[in-house]
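To start, the structure under review is shown below, and the notes come after it.
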Amino acid sequence: MNRQFIRTVTFVVLLGPATGFGQSLEPRAYANAPVGLNFLVVGYAYSKGGVSFDPSVPLENGEARVHSVPIVYVRSLDVLGNAANIGFVLPLASVSGNATLNGVEREREITGIADPALRLAVNFYGAPAMSMREFRSYRQDLIVGASLVVTAPLGQYDPNRAVNLGTNRWSAKPELGLSKALDAWTVELSAGASFFAKNDDYLQGNVREQDPIYSAQLHLTRQLAGGKWAAVSTTYYEGGRTTLNGAARDDRLSGSRIGATFALPLARQHSLKVYGSTGLRARTGTDFDTFGAAWQYLWGGGL
């Protein structure tokens with residue numbers, strides 16, 4: 001197995017935050033890989049910070065601590081001659097938090113399954129579908145791709161509570177991504193929008209709707225010796241104003257985050273990723289610090 005192969009396939013595809021409290025940073029989301037590879041990823045992340053609530057909820061001074069364990073399966077595919085992949089994430093999470101309700105301190109703890117997600121990504125330029133043998137001579141230049149992430153309302157949800165692991169609604173995020181290799185560096189840019197179905201059982205039967213959230217990410221990745229790589233990332237997001245029973249709320253999201261990622265191969269089929277991120281600016285609800293790690297095992301595809 002040559003060094004270029006190791007550098008390229010030891011990436012980690014994570015489909016987003018397990019609980020939706022922040023905007024995830026995903027370097028190498030559009031990296032190429034040989035057809036037929038399987039990726040199993042098990043991660044752990046810890047997030048802590050302030051959280052704001054819908055203005056219709058009389059809660060103030062909210063703080064939360066989130067422990068999440070995403071379990072991810074990804075398979076690389078051939079879609080009309082283009083490299084692609086499909087992935088599924090099952091997020092397990094534990095959330096503990098406190099807030100003030102009418103001057104009285106309240107606490108809440110939840111453990112269970114958050115909304116699972118399915119992601120399909122296709123690199124339609126600069127990343128042809130290749131076998132393992134063909135891939136060994138591949139050198140990236142410019143890759144252009146697109147992805148779609150769909151989350152299902154299957155997470156733990158209590159309509160009598162303001163804080164839940166599940167959202168009781170479907171969501172979909174189409175995204176366009178570009179990845180340009182510059183010797184040992186790779187510059188990646190992606191932009192997308194998250195669309196949400198209505199939650200028709202929000203806090204004892206209310207109907208809650210949310211406008212799309214528009215976001216963009218920028219990643220600068222450096223290839224290092226021995227198959228390791230490191231990335232610095234930033235994201236900006238805007239939108240997401242909600243309505244409750246048709247009445248608009250003043251809770252539009254607007255903010256940015258910055259983070260760093262380091263990945264290293266441990267053996268031929270094993271790799272490890274560690275990462276962290278923090279908010280640069282947050283208007284509502286996403287002022288979190290996050291730290292995590294993920295182990296990845298790959299097999300198949302003639303490995």
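Bear in mind that the values in this text are calculations on the coordinates, not laboratory data. This is a predicted model, so every value here is computed, not measured. When we count neighbours, we look across all protein chains shown, and the Cβ atoms used for this are built from the backbone with ideal geometry, even at glycine.
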>> Whole-Hz ³J(HN,Hα) for each residue in region 79-93, computed from phi via Karplus 6.51 cos²θ - 1.76 cosθ + 1.60 with θ = phi - 60°, x for glycine and proline: what do you get?
In response: 10, 6, x, 10, 5, 8, 8, 10, x, 10, 10, 10, x, 9, 8
>> Amide H of Leu37 versus every other amide H placed in the peptide plane: which residues, excluding those fewer than 5 positions away on the same chain, fall under 5 Å?
In response: Ser76
> Between Ala230 and Val69, what length in nm is gained on full extension when 0.36 nm per residue of separation is reduced by their alpha carbon distance?
Replying inline: 55.7 nm
>> Please compute the length gained on full extension between Asp183 and Asp289, using 0.36 nm multiplied by the number of residues separating them and subtracting their Cα-Cα distance.
In response: 34.9 nm
>> Which residues does the label zone of Gln269 cover in region 124-151, counting backbone N under 18 Å from a point 7 Å along Cα→Cβ?
In response: 132-133
> Mind listing the phi-derived Karplus ³J(HN,Hα) values for region 244-252, rounded to whole Hz, using 6.51, -1.76 and 1.60 with θ = phi - 60°, and x for any glycine or proline?
Replying inline: 10, 6, x, 9, 6, 10, 8, 9, 4
> Hey, quick one: spin label on Leu176, modelled 7 Å out along Cα-Cβ, who in region 104-141 has an amide N within reach, i.e. under 11 Å?
Replying inline: none
> Over all distinct Cα pairs, what is the inverse of the mean 1/r for region 213-303, reported as the Kirkwood hydrodynamic radius in Å?
Replying inline: 15.7 Å
> Once phi is turned into θ = phi - 60°, what whole-Hz ³J(HN,Hα) does the Karplus curve with 6.51, -1.76 and 1.60 give for every residue of region 167-178, x standing for Gly and Pro?
Replying inline: 10, 6, 6, 7, 9, 9, 10, x, 8, 10, x, 10
>> Let me spell out the model: positive unit charges on the Cβ of Lys and Arg, negative unit charges on the Cβ of Asp and Glu, origin at the Cα centre of region 126-258. What dipole size does that give, in debye rounded to 20?
In response: 380 debye
> Listing Glu238, Glu209, Glu26 from the residue with the fewest other Cβ atoms within 10 Å to the one with the most, what is the order?
Replying inline: Glu238, Glu209, Glu26
> So which lysines pass the test for Lys198, namely a Cα distance under 25 Å, with those fewer than 8 places away in the same chain ruled out?
Replying inline: Lys173
> Computed over the Cα atoms, what is the radius of gyration of region 58-195 divided by 2.2 N^0.38 Å, N being its residue count?
Replying inline: 1.42
